[in-house]
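To keep things clear, I will list the structure first and then write my remarks on it.
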Amino acid sequence: MPKDRSEKVRVTIDGRSIDAEKGKSILEVARECGIEIPSLCYHPGLESFGACRLCVVEITKPGWEGWKKLVTSCLYPVEEELIIDTRSEEVRENRSVVLDLLLARVPESDVIRQLAAEYGIHDTSYTKREDADTCIMCTICVRVCDAIGANAIATLSRGPDKYVDVPDKDACIGCLACALSCPTNAIPFEEFVNGKRKIWGREFDLVYDEISHEPIGTPEQIDHFAEKSGLPKEYFLKSDKVRKKETAVTFARVQF
Amino acid sequence: MNSETKTKASKKKAAVLKSDTNGKLDQIFDLYPREEDSLIMILQEVQDRLNWLPPEALDRVADELNVPRARVQGVATFYRAFSLEPRGEKVIKVCLGTACHVRGAQILVDELERRLDLKVSHGCTKDGRFSLETVNCVGACAMAPAIVVNENYYANVKPDKLDKMLKKEQQS
Ligand code: FES
Ligand code: FES
């Protein structure tokens with residue numbers, strides 16, 4: 001059944017009564033009301049994936065006779081009468097286990113270390129992964145790259161050996177969306193070394209705005225966006241700043 | 001990740017096999033609808049015909065099915081049934097399960113690596129005849145240590161029985 005976005009359901013989050021839009025996830029609704037739930041694999045532009053389990057919350061309903069359960073808030077849609085606790089003892093304990101495990105996987109990640117510290121974990125109780133990078137397998141990079149339509153990144157292998165890579169370097173358009181979306185900064189890149197951009201072992205030229213001389217992106221990226229959007233290429237040859245300026249001029253003309 | 005060196009090695013061997021790769025694959029793409037859902041079936045067909053998945057075969061699969069190359073690589077590396085290294089016509093599987101292990105299976109592995117001039121899960125003999133793999137328990141613990149070559153089981157294998165086994169498998 002298609003969800004009517006304007007339909008409302010009444011939920012309670014941390015004691016606050018909220019009219020939430022039906023179809024949204026608990027995580028989305030909570031964040032809209034300024035209630036912070038930690039997350040790692042959630043990305044507002046992508047379908048929820050439920051990989052990291054950090055966003056767990058506890059739910060119950062009046063009819064459940066005190067029965068409660070833990071759910072991943074990025075996947076669980078709000079329902080009428082739902083009572084949500086985002087920081088119960090149980091929730092904190094579960095997140096602690098997740099962070100303890102993540103810390104064993106990526107002992108060098110500042111992001112995970114800081115999150116773990118917030119839950120009182122300063123050193124993992126598990127065996128640390130050797131030669132660890134900071135990838136936590138959230139697959140945001142894979143999903144972002146697919147959403148953009150470059151489809152260059154994949155998870156390779158399986159189980160503990162699983163890793164993320166670009167098997168066909170030619171598919172990458174050098175747009176940096178993966179690196180900039182990565183929650184743990186696990187994808188290294190370099191900008192402006194001899195006027196080039198480097199990512200995934202490949203070197204890209206940079207295109208500059210003719211007026212402001214600001215870097216805009218790689219030629220591959222501009223071609224790709226023009227093709228996908230159907231907009232003329234010239235549109236993508238301008239920096240944000242120049243485009244805003246032009247819009248202002250256009251508006252000034254329209255107004256007077 | 002040592003995948004870097006691995007790919008290099010397979011690329012070299014791929015070049016050798018290149019000439020006969022393409023012809024063998026011509027018919028398989030008409031067996032299934034040309035869509036992403038056929039990916040696993042097509043990869044199985046490639047594996048059946050070539051005994052492994054050379055990089056240029058994967059390029060072609062991506063092209064023919066119109067599936068991103070990255071996704072093909074993801075699937076090909078996910079399943080144990082697919083090999084990204086050249087495999088021999090016959091795969092020698094030495095069991096390293098608990099029973100076989102305690103009865104000296106590791107010695108058999110070392111010995112086979114030496115005799116075949118081959119590393120476990122790495123390529124095949126120069127004549128393309130054999131490749132070597134280890135498995136964890138083939139369900140024949142009473143015959144430990146056990147070796148399986150394609151469908152043939154060898155029981156209570158001792159290092160001095162390996163010569164006979166190899167000779168037999170070489171001929172059949
Ligand atoms: S954010 Fe919900 S599981 Fe990762
Ligand atoms: S351990 Fe080798 S057959 Fe079971």
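The values are calculated or read from the model by the stated rules, or taken from the named source; none is laboratory data. Computed from a predicted model, the values in this text were never measured in an experiment. Quick reminder, even Gly has a Cβ in these numbers, built from the backbone with ideal geometry, and neighbours come from all protein chains shown. Areas reflect the complete protein model, heavy atoms only, side chains present, ligands, DNA and RNA absent. Shrake-Rupley method; radii C 1.70, N 1.55, O 1.52, S 1.80 Å.
What FRET efficiency comes out for the pair B:Glu36/A:Lys198, r = Cβ-Cβ distance, R0 = 41 Å, nearest 0.05?
0.85
Kindly provide the Kirkwood hydrodynamic radius of region B:90-171 in Å, to one decimal, from all pairs of distinct alpha carbon atoms.
Answer for region B:90-171: a Kirkwood hydrodynamic radius of 12.4 Å.
For chain B, what is the mean residue ellipticity at 222 nm derived from helices alone (per DSSP H run of n ≥ 4: -39500 (n - 2.57); sum divided by total residues; nearest 500 deg cm²/dmol)? Mind dumping the intermediate values first?
Details: 7 runs with 83 residues, N = 172.
My calculation for chain B gives -15000 deg cm²/dmol from helical runs alone.
Within chain B, which cysteines find no other Cys whose Cβ is under 4.7 angstrom from their own?
B:Cys124, B:Cys137, B:Cys141
What percentage of the solvent-accessible surface of region A:8-87, computed with a 1.4 Å probe over protein heavy atoms, is contributed by carbon and sulfur atoms?
After summing per-atom areas, the C and S share lands at 47 percent.
Treating the angle as unsigned and between 0 and 90°, give the value, to the nearest 10°, between the Cα long axis of helix B:3-25 and the longest Cα principal axis of chain B.
Between helix and principal axis, roughly 70 degrees.
Rounded to the nearest 100 Å², what's the accessible area chains B and A bury against each other, both chains counted, probe 1.4 Å?
Summing both chains' loss of accessible area gives about 1000 Å².
How big is the Rg/Rh ratio for region A:140-253, C-alpha atoms only, Rh by Kirkwood, two decimals?
1.04
In degrees from 0 to 90, rounded to the nearest 10, what is the angle of the helix B:55-65 Cα long axis to the longest principal axis of chain B?
Compared with the principal axis, the helix lies near 40 degrees.
Looking at the protein assembly as shown, what % of its DSSP beta bridges pair antiparallel, to the nearest 5?
The answer is about 80 percent antiparallel.
Given only helices, namely DSSP H runs of n ≥ 4 each adding -39500 (n - 2.57), what is the per-residue ellipticity at 222 nm of chain A, to the nearest 500 deg cm²/dmol?
Mean residue ellipticity at 222 nm (helix-derived): -8500 deg cm²/dmol.
Using label points projected 7 Å from each Cα along Cα→Cβ, tell me how many nm separate A:Val97 and B:Lys168, to one decimal.
Placing both labels 7 Å beyond Cα along the Cβ direction yields 5.0 nm.
How big is D, in µm² s⁻¹, for the protein assembly as shown by Stokes-Einstein at 10 °C and 1.306 mPa s if Rh is the Kirkwood radius over C-alpha pairs?
61
Across every pair of different alpha-carbon atoms, what Kirkwood hydrodynamic radius in Å does region A:89-133 reach?
10.3 Å is the Kirkwood radius here.
Across chain B, what fraction of all alpha-carbon pairs, as a whole percent, falls in each successive 5 Å bin from zero upward?
Computed distribution, short to long bins: 1, 8, 17, 18, 16, 14, 12, 8, 5, 1, 0.
If you filter region B:74-172 for chymotrypsin sites (Phe, Trp or Tyr not before Pro), then keep DSSP loop positions with at most 13 other Cβ within 10 Å, what is left?
Passing sites in region B:74-172 are B:Tyr79.
Under 10 Å, Cα contacts only: if you run a Gaussian network model on chain A, which one of A:Glu191, A:Glu234, A:Glu32 comes out with the highest mean-square fluctuation?
Most flexible of the set in this elastic network: A:Glu234.
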